[in-house]
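Worksheet: one structure, shown below.
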Amino acid sequence: MPLKQEIVAELGETELLQPERIARSLVANDQVKYYFALLQTARSNADQPRVPVFDLKAERLASQISDEFLDEVVADTRKEQGGSYRLPHAAEILSRIKSGMEDMFACLPAAERRTFVERLGQCKLPEIKKDALTGEQIDAMTSGDRSVGDSLHLVVIDAHRAINHLQAATATETLAGAHVHALSPGSRRLVLAFMEGLNRTAPLKFNHPGLGTTATEHAGRVLIQNDIGTTDAHVLVVRIDNLTTALTYTDIHRPRLKFFQSLFSDFEVAWEGMEQRTSGKLQSGTYLLTTGTYHAADQQDLERYLSHLGSRIVFLIDWNRMRKRLRGFIGKERAIEVLKWAADNDHGHRGLLEIGGEGALAEAVEYAAGERLRYGDRLDALIGEANTKEFLCHAMRSASAGLVERRSRRAILDEIKAELSRYFENAGLAIFDIAARHAACGYDIAVTIREAFERIGGNGHEAWTAKFSARAIAWEARADQLLNEARDDIKRFGRPASLLDFLEYADDAVDEIEEAASLVDLLGLVSVESAALRELRRLADVTLGSAQEFVKCVECAATITRTDVRDDLDDFLHALERLIGLEHEADELIRTLRRHLIAGAEDHRALYLVHQLSFALETATDAYAHAGQALRGYLMEEVIA
């Protein structure tokens, strides 16, 4: 087409030249903005030098500027004593800015072009000597603040907007929803690949505007631009040259920019820069820019990348808004993980915003938590961080899928409420994690008591039992600490009193077993006849059995909920029945032992020690039985009923 410009113009068909002129103007726009960025970055680095120096090479190449000497400008700029900046090739850069702006205006209608030319003349380029520019001159050229007057940067911004309007108005056709200008067959395939991905996920924006796409071709290079949403500074530009794709992305939110970069983990995209820029289009006056380059292996790989790229854009719409809403329920890092999961699984977050966002979530929490909810409580404090993250992912999936299936918002919200209720039921059982660790303390002591009886009379018995007694004291102290944690949990969440009864009975059992451990340590100091030792071993076996069955009771109870009783209730009741049976067996054993002691014991010290030891072991089985009964009451009256 460039070779036919004169003849086409001669024939009077100048409209045919418009796509080519627009494409050239957009290239000029990229280049002028690169030069502005070069001036700002050079000045910034001269004020506060950095290592390594940011050279803007990726942006230079993306702007189709081949001059490598420009990569040294930032590093070689120096601040002089008078406050000015000696900037290599400054005169050449200013000349290129002026000619680039004139190239930008070339595609515009005559009246509009004349207005921009007049503004360019009024702004004027500074006269410089020996490549020296003052900070005020750089500010005057690159300022985006309209309140202080016009600037070259503002002229470029307004001209770019006019070119975009002209491009949309003069698009020669629509290709899969994109406004395109005279694309070659090969370029059409690339745009179609991009639009296939974009259109696949675009329904997930629901009623939100955005995702408008335009595409053009210049000198064999494809340029695709997407407006993303309604924010002026939120733009994505894709440049495709053979198998290389340069993606330029601008944003005003640093976390969202990093999030966007994270969506390409399956592709080796080289990201460069996350520099802050100025723009008169924004209230804040600043935005962030990054460039990602991908070198495809072949045409199929290129199209796969473009499709993936197009499919990710919808997940940027209202991203920061959703992130802030989620922080009322979970920490900021986990909130981003939820958004990442929603994007990776093609659910997105816009559906949840459509059904009410944080209001819908708060309603679900109020419904599921009931009286347990206190002012200021965050959801992750009520059901745990992992459960909260899992629930929020479920809420996003339910909202998006429900809206796509055209289900009512009330039905979707009811499903989210029901799901959260399940988490609260399970969170109510979280106290059994404490109970299980507490039960393990008693079991460990009981196991070691039984081993102590086996070691009586053996070599090193005294030294071993002394160490065992010290360990038993540590286990009992740990059990006391866990009981205090359980009391705090019960008080915080207003759990039933039967749970506290259950845990306090369990702690009584541990206290008695630890007391028995301390008495076992004294067996080596007295002479206990073998028959009495045999009965004590049997009683220690029964106590160990009680500790085992109690552990089973706790494990079974931890999985019983109002909506999911299953076979665990039967297992619990069997373990409880065995626990009670062992308590009766312990009663019989201690009666037998007493009769034996009264009938034949002669050493009053041995009599006292055996009595105290047997009493501690038997009392522990009583306490375990009481704990099991209290746990049964909790399950039957508070959970299943």
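The values are calculated or read from the model by the stated rules, or taken from the named source; none is laboratory data. Just so you know, these numbers come straight off a predicted model, no measurement behind them. No Cβ is skipped: glycine too gets one built from the backbone with ideal geometry, and neighbour counts run over all protein chains shown. Heads up: the accessible areas ignore ligands, DNA and RNA and are worked out on the full protein's heavy atoms, side chains in. Shrake-Rupley method; radii C 1.70, N 1.55, O 1.52, S 1.80 Å.
Give the residue that is modelled with the lowest pLDDT, with candidates limited to residues of segment 204-225 that are assigned to a loop (DSSP other than H, G, I, E, B) and closer than 27 Å to ASP346 by Cα. Residue satisfying both the conditions and the ranking: GLY210. Taking residues in segment 587-600 that are more than 15 Å from THR543 (Cβ to Cβ) and at pLDDT 80 or above, and partners anywhere that are of a type in the set (Asp, Glu) and open to solvent by less than 100 Å² (accessible area, probe 1.4 Å), the pairs with Cβ atoms closer than 7 Å and at least 6 places apart or on different chains are THR592/GLU535. Looking at segment 86-109 only, could you name the residues that are surrounded by 17 or more Cβ atoms within 10 Å (Cβ to Cβ), more than 14 Å from ASP131 (Cβ to Cβ) and among the small types (Gly, Ala, Ser)? Result: GLY100, single match.
Yes or no, residue by residue, for (1) open to solvent by less than 30 Å² (accessible area, probe 1.4 Å); (2) of a type outside the set (Lys, Arg); (3) under 42 Å from the mean Cα position of the chain (by Cα):
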{"site": "ILE473", "(1), (2), (3)": "no, yes, no"}
{"site": "ASN484", "(1), (2), (3)": "no, yes, yes"}
{"site": "ARG487", "(1), (2), (3)": "no, no, yes"}
{"site": "ILE490", "(1), (2), (3)": "yes, yes, yes"}
{"site": "LEU503", "(1), (2), (3)": "yes, yes, yes"}
{"site": "ASP507", "(1), (2), (3)": "yes, yes, yes"}
{"site": "ASP511", "(1), (2), (3)": "no, yes, no"}
{"site": "GLU514", "(1), (2), (3)": "no, yes, no"}
{"site": "SER518", "(1), (2), (3)": "no, yes, no"}
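Across segment 110-133, the qualifying residues are those that are touching a residue at least 24 places away in the same chain (Cβ under 8 Å) and part of a loop (DSSP other than H, G, I, E, B), and the one among them that is most open to solvent (accessible area, probe 1.4 Å) is LYS130. Where helices (runs of 4 or more DSSP H) fall entirely within segment 1-103, those with at least 3 residues that are modelled with pLDDT of 90 or more and of a type outside the set (Asp, Glu) are at 18-47, 73-76.
Within segment 416-424, the presence of at least one residue that is assigned to a helix (DSSP H, G or I), in contact with a Leu (Cβ under 8 Å, 6 or more places away or on another chain) and modelled with pLDDT under 85 is confirmed. Screening the candidates LEU183, LEU204 for the property of being open to solvent by less than 40 Å² (accessible area, probe 1.4 Å) and within 26 Å of the chain's Cα centre (by Cα) yields one hit, LEU204. Only residues that are over 34 Å from the mean Cα position of the chain (by Cα) and at positive phi were counted across segment 13-69, and they come to 1. You will find that of GLU515, GLU555, the residue that is more than 13 Å from ALA620 (Cα to Cα) and in a helix (DSSP H, G or I) is GLU555 and no other.
Being modelled with pLDDT under 80 and out of contact with any His (no Cβ under 9 Å at 6 or more places or on another chain) narrows it down to one of VAL528, VAL542, so name that one. Of VAL528, VAL542, the one residue that is modelled with pLDDT under 80 and out of contact with any His (no Cβ under 9 Å at 6 or more places or on another chain) is VAL528.
Here ASP298, ASP318 are screened, and the one residue that is open to solvent by 20 Å² or more (accessible area, probe 1.4 Å), touching a residue at least 12 places away in the same chain (Cβ under 8 Å), under 18 Å from LYS205 (Cβ atoms) and not basic (Lys, Arg) is ASP318. Just to be sure, is GLU366 modelled with pLDDT under 90, loosely packed, with under 15 Cβ neighbours inside 10 Å and either closer than 26 Å to THR291 by Cβ or of a type in the set (D, E, K, R) (or both)? For GLU366, the condition - modelled with pLDDT under 90, loosely packed, with under 15 Cβ neighbours inside 10 Å and either closer than 26 Å to THR291 by Cβ or of a type in the set (D, E, K, R) (or both) - is met.
Reported count of residues in segment 139-162, each being in a loop (DSSP other than H, G, I, E, B) and under 18 Å from LEU94 (Cβ atoms), is 3.
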